[in-house]
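One structure is given below, encoded as structure tokens.
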Amino acid sequence: MKIYLVGGAVRDKLLGRPVKEKDFVVVGATPADMLKKGFRQVGKDFPVFLHPETNEEYALARMERKVGRGYTGFEFDASPSVTLEEDLLRRDLTINAMAESAEGALIDPFHGQADLKKKLLRHVSPAFIEDPVRILRLARFAARFSALGFTVAPETMQLMQEMVTSGEVDALVAERVWKELERALQEEHPEKFFEVLEACGALSVLFPQLKNTNIVELKKAAEQFQDDELRFSVLLHHLTAAQIKEITERYRVPASYRDLALLVSEHLDKYTHAKDFSAEQLLNVLLVTDAFRRGARFEKFLNACLSITGQPKAFLDAVLAAASAVTTKDLSLENLPGNEIGKLLNSKRIDSINNFLSNINLSNK
Ligand code: ATP
């Protein structure tokens, strides 16, 4: 048997980027050979194994053939006669279809290294059309590598457009869309993900709500903040609550992303106008955003609003600090029923906010 390093690790090494995960392809072996060497099989039917010590993935070289729609529609042949080139042929992009031998030789039948130099995201073969996840993956790689100058090869863009027209994209399952979107949101230029989807026509199939979205706002948010929940909320802030829920329900987006997006879309205008608010109105902003109990989420809310509006967040931060300085310990609580405690607490908070407001008025004079 022969073992090769493949995929992302070879690509990232050539790019001089840190290698996060090493995947290997094994040529000329059977599952029994692998088990004999102490590898553990992952899944029952799939020829992928984990190394007994490093836990890195070793997959038997395989060929894939599409036999039906969707994800169960693939048949594969992982017999020991499958060659390395045949395994590389089933991969998505030329830059992901290179291998390195144990001796350090590069095996590059589809000219991935040349495409790295030309900074091109290009499909390996026409079989690219068989899996619509590849569109999302490509868009995600555009988000990751666009700062390096990478663009989509024109013939690949055309292929993706054909995939959208032929309805291939409709077969994408929700979990995969969310997984790729979530990862795209963590990349350096998440807005490129949407640019590519728009350019090939997939955006209107997958996210029709985002048709007129200003992705410059997402770009700006990504320059300022790493947090992908925050970036997601900036992307969706101009949508209605119903539209946001359409997206989060369709793709089973985790509640934390949904809730921050809803919060920002609903309360952004309060952030914008906070300086004209009375102490009562300001306390109301803190209450409706649950700022006292959900401090970390409120910070993300403020940062999202800051990124969208360009207006500093110091004012609302200070309002929260003033209101938070009052605690139930400061109140004399003897014999007060629960709702009275709440009322008293809020009236003290309003006093404290008023105090803060008159202090800034004084210092402005
Ligand atoms: P990342 O840095 O995001 O992990 P990666 O290229 O290592 O990138 P993986 O998802 O780990 O991505 O996939 C490993 C390799 O498997 C890829 O480099 C590619 O060659 C191949 N691959 C993964 N998914 C697909 C797919 N849907 N279609 C074709 N090839 C794929």
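The values are calculated or read from the model by the stated rules, or taken from the named source; none is laboratory data. Predicted, not measured: the structure shown is a model, and the values here were computed from it. Virtual Cβ from ideal backbone geometry, glycine too; neighbours counted across all protein chains shown. With ligands, DNA and RNA removed, areas are computed over all heavy atoms of the protein, side chains included. Shrake-Rupley method; radii C 1.70, N 1.55, O 1.52, S 1.80 Å.
Go through K118/K245; K118/K300; K2/K192; K2/K44; K66/K245; K44/K300 and tell me which ones have a Cα-Cα distance over 32 Å in this structure.
With Cα atoms farther than 32 Å apart: K118/K245; K118/K300; K2/K192; K66/K245; K44/K300.
Based on DSSP H runs of at least 4 residues, each adding -39500 (n - 2.57), what is the mean residue ellipticity at 222 nm of the chain after dividing by all its residues, to the nearest 500 deg cm²/dmol?
When only DSSP H runs of four or more count, the value is -16000 deg cm²/dmol.
Gaussian network model of the chain, Cα springs within a sub-10 Å range: biggest mean-square fluctuation belongs to which of M157, M34, M98?
M34
Using mean Cβ contacts within 10 Å as the protection proxy, how do 135-142, 167-174 order, highest first?
Descending packing order for the listed peptides: 135-142, 167-174.
Please list 3J(HN,Hα) in residue order for segment 12-27, calculated via the Karplus relation 6.51 cos²θ - 1.76 cosθ + 1.60 where θ = phi - 60°; whole Hz, with x for glycine and proline.
Going residue by residue, I get 5, 4, 5, 7, x, 9, x, 8, 8, 8, 9, 10, 10, 10, 10, 9 Hz, with x marking Gly and Pro.
Packing-wise, with mean Cβ within 10 Å as the measure, how do 87-93, 216-222 rank, highest first?
So the order, starting with the most tightly packed, is 87-93, 216-222.
Can you classify segment 295-365 as rounded, prolate or oblate using the Cα gyration tensor, where a ≥ b ≥ c are the square roots of its eigenvalues, rounded means a/c under 1.5, and otherwise it's prolate if a/b beats b/c and oblate if not?
oblate
Taking only protein heavy atoms into account and a 1.4 Å probe, give the accessible area per residue of the chain in Å².
49
Output ³J(HN,Hα) for segment 339-349: one whole-Hz value per residue in order, computed from phi by the Karplus curve 6.51 cos²θ - 1.76 cosθ + 1.60 with θ = phi - 60°, and x for Gly and Pro.
Per residue, the Karplus-derived 3J(HN,Hα) values read 5, 6, 4, x, 4, 5, 4, 5, 5, 5, 5 Hz.
Give the percent of DSSP beta bridges with both residues in the chain that are antiparallel, rounded to the nearest 5.
So the antiparallel bridges in the chain amount to around 80 percent.
Angle between the Cα long axis of helix 190-200 and the longest principal axis of the chain, 0 to 90 degrees, nearest 10?
Computed tilt is about 60 degrees.
Let me spell out the model: positive unit charges on the Cβ of Lys and Arg, negative unit charges on the Cβ of Asp and Glu, origin at the Cα centre of segment 224-278. What dipole size does that give, in debye rounded to 20?
80
Using R₀ = 25 Å, calculate the FRET efficiency as 1/(1 + (r/R₀)^6) where r is the Cβ-Cβ separation of K66 and E21; round to 0.05.
0.40
Along the charge dipole of the chain, which of A279, L197, P254 sits closest to the positive end, that is, farthest toward it, with unit charges on the beta carbon of Lys, Arg, Asp and Glu (+1, +1, -1, -1)?
Of the candidates, A279 comes out farthest on the positive side.
Just the number, please: carbon plus sulfur as a percent of the accessible area of segment 84-124, 1.4 Å probe, no ligands or DNA/RNA counted.
On segment 84-124, the fraction of accessible area on carbon and sulfur atoms equals 53 percent.
Just add up the charged neighbours of R294: K/R +1, D/E -1, any other residue whose Cβ is under 10 Å from the Cβ of R294.
0
Taking each pair of different alpha-carbon atoms in the chain once, compute 1/r for the pair, average those values, and report the inverse of that mean as the Kirkwood hydrodynamic radius in Å to one decimal.
Computed over the chain, the radius equals 23.9 Å.
In whole Å, how far is the Cα centre of segment 299-365 from that of segment 226-257?
Comparing the Cα centres of segment 299-365 and segment 226-257, I get a distance of 28 Å.
Per the Debye formula with a single identical scatterer at each Cα and no solvent contribution, what log10 I(q)/I(0) holds for segment 265-330 at q = 0.19, 0.23, 0.28 Å⁻¹?
Debye intensities relative to I(0), on a log10 scale: -0.68, -1.00, -1.49.
Taking the Cα atoms only, what angle lies between the long axis of helix 314-324 and the longest principal axis of the chain, rounded to 10 degrees?
That works out to roughly 60 degrees.
Let me know the Kirkwood hydrodynamic radius for segment 211-365, please, with Cα pairs as the basis and the value in Å to one decimal.
Over segment 211-365, the inverse of the mean reciprocal pair distance is 16.9 Å.
For S125 and N339, calculate 0.36 nm times their separation in residues minus their Cα-Cα distance, and state this gained length in nm to one decimal.
Answer, rounded to one decimal: 70.2 nm.
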